[in-house]
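One structure is given here, and the rest of the page talks about it.
The values are calculated or read from the model by the stated rules, or taken from the named source; none is laboratory data. In this text, all values refer to a predicted model and were calculated from it rather than measured experimentally. Virtual Cβ from ideal backbone geometry, glycine too; neighbours counted across all protein chains shown.
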Amino acid sequence: MGRGRPVKSQIRQNIIELLFFLKEGYGYDIYRHYKDVFPSVSMRVIYYHLKKGTSIGEFKINKVIKENGNFSWGSEAEKIYYSLGKEAQPIGNERVKEFIDRKNGLKSSEST
């Protein structure tokens, strides 16, 4: 076994499962869904894994949208939309599928 931290991460795998069913999402949106399905993590950890996953090919950046508004940090917010990259290996977690179906108003029998 090589030195350093292992490349695999359960948090990143959970994000892969979410994006598999969502198709795409931006950081805060992924964080909100994550904390509803999986054990609580910080938003900072989600952004770390999105950045790390992008660098190793598990995620890719689809688009970057700048939104204007009256935010606590200023007048502009940047949303980076992520989707699955070529290195992602989704398993098809049934728990995530049921959550997304409920969120979209579908019963599990309708989505198959």
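What the table shows:
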read-out: Given (1) within 13 Å of residue 13 (Cα to Cα); (2) at pLDDT 95 or above; (3) not in a helix (DSSP H, G or I), number of the condition residue 61 does not satisfy; value: (1)
read-out: Conditions (1) assigned to a helix (DSSP H, G or I); (2) surrounded by fewer than 18 Cβ atoms within 10 Å (Cβ to Cβ); (3) hydroxyl-bearing (Ser, Thr, Tyr); number of the one not met by residue 34; value: (2)
read-out: Every residue from segment 71-88 that is loosely packed, with under 10 Cβ neighbours inside 10 Å and either touching a residue at least 24 places away in the same chain (Cβ under 8 Å) or within 19 Å of residue 14 (Cα to Cα) (or both); value: 86
read-out: Among (1) buried (at least 21 other Cβ atoms within 10 Å of the Cβ); (2) more than 18 Å from residue 93 (Cβ to Cβ); (3) not acidic (Asp, Glu) - the single one residue 48 does not satisfy; value: (1)
read-out: The one condition in (1) in a strand (DSSP E or B); (2) under 27 Å from residue 105 (Cβ atoms) that residue 70 fails to fulfil; value: (2)
read-out: Long-range neighbours under 6 Å by Cβ, at least six apart or interchain, first residue more than 12 Å from residue 9 (Cα to Cα) within segment 47-58, second of a type in the set (Gly, Ala, Ser) and in a loop (DSSP other than H, G, I, E, B); value: 57/85
read-out: Segment 77-103 - residue that is among the aliphatic types (A, V, I, L, M) and in a strand (DSSP E or B) and, of those, farthest from residue 56 (Cα to Cα); value: 77
read-out: Test for residue 34: is it without any contact (Cβ under 8 Å) to a residue 60 or more places away in the chain, farther than 19 Å from residue 94 by Cα, out of contact with any Gly (no Cβ under 9 Å at 6 or more places or on another chain) and not small (Gly, Ala, Ser); value: no
